[in-house]
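The structure under discussion appears below in the form of structure tokens.
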Amino acid sequence: MTIRICVAGATGWTGSAVVRGVLNSDAFTLTGTVAQATAGRDIGQVLGLGENAGVVVSSSVAEALEVKTDVLVDYTTTATVKDHVLYAIKRGIAVVVGTSGLTAQDYDDIEKAAESNGVGVVVGGNFSITATLMQRLALETARNVPQFEVLDYAWAEKEDVPSGTGRELAEKLGDVQQPKQVRSMDSLHGPIEARGATINGVQVHSVRLPGYTLRCGAVFGLEGERLEIFHEAGPSAAPYVAGTLLAAKKAMQVKGLVRGLDALLFK
């Protein structure tokens, strides 16, 4: 039996690639799509697939989930994602979240709702397999090198800082160990913002400029040497499809909140 998938943000950069991945897979069935601007049209025509996919685009998650669905995949916006997730959880539908910008309080609320309803939710800052490996290598390095910072690059118009990848990386690095600060923040001269934002004790620097798609990683320093571990993505969203669909399978097998694709790959 195939897994029934609804994709919210189905016409976006990543969402559209996930829709194509679902349609091309024998393991999944596309049951719904959400995109307000193209509501009422067949998703196959919207994405220029050359034929109808048999799935009409809905204007809301609530409308799309009226059709029997196993997993909601959300690639929408920071402003809407939490409401989508909580709505799906109440309906007993597993969720995969690729949308960035959720706060610590958001995660707490989602975790409580998922556990109380016995539903699996997988949230990832980046569903690329190689980005997940970057994070894994960075976390192993942080166990042995006490000084490190996160650098996060993206296109000029990207709204969230840092990216979901950068935030997740910083949070997990800080859990490994709090980086050693040779000079305290309150002893600095000049604008303290120049040292970046502090996330879970880790300094994070977000660069937003034309010429970048996505580049994120960590820099580790010891006396006389430096190690840089980075993941860089090109203009295609294809790298995120395999990880998203893997998360969709796993979301049906877990209960509660799982943060990060690495939690599914490395056990």
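Tabulated data for the structure shown
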quantity	calculated
VAL204 vs. criteria farther than 21 Å from VAL96 by Cβ, over 17 Å from the mean Cα position of the chain (by Cα) and surrounded by 14 or more Cβ atoms within 10 Å (Cβ to Cβ)	yes
Condition met for THR33 (buried (at least 21 other Cβ atoms within 10 Å of the Cβ), under 21 Å from the mean Cα position of the chain (by Cα), in the same structural domain as VAL67 (by TED's automatic domain parsing) and of a type in the set (S, T, N, Q))	yes
Output for the stretch 3-21, where each listed residue is of a type in the set (Val, Ile, Thr) and either in a strand (DSSP E or B) or outside the structural domain of ASP70 (by TED's automatic domain parsing) (or both)	ILE3, ILE5, VAL7
Odd one out for THR130 among (1) part of a helix (DSSP H, G or I); (2) surrounded by 23 or more Cβ atoms within 10 Å (Cβ to Cβ)	(2)
Qualifying positions in the stretch 17-50 - over 22 Å from VAL81 (Cα atoms), touching a helix residue (DSSP H, G or I) at 6+ places or on another chain (Cβ under 8 Å) and among the polar types (S, T, N, Q)	SER25, THR29
Contacts under 7 angstrom Cβ, first residue in the stretch 135-161 being more than 30 Å from THR76 (Cβ to Cβ), partner modelled with pLDDT of 95 or more and aromatic (Phe, Trp, Tyr), 6 or more apart	THR141/PHE220; ALA142/PHE148; VAL145/PHE220; GLN147/PHE220; PHE148/PHE220
Enumerated strands (runs of 3 or more DSSP E) restricted to the stretch 135-245, each holding at least 2 residues that are out of contact with any Pro (no Cβ under 8 Å at 6 or more places or on another chain) and of a type in the set (D, E, K, R)	225-233
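The values are calculated or read from the model by the stated rules, or taken from the named source; none is laboratory data. Since this is a predicted model, take the numbers as computed values, not measurements. Note that each Cβ is placed from the backbone with ideal geometry, even for glycine, and that neighbours are counted across all protein chains shown.
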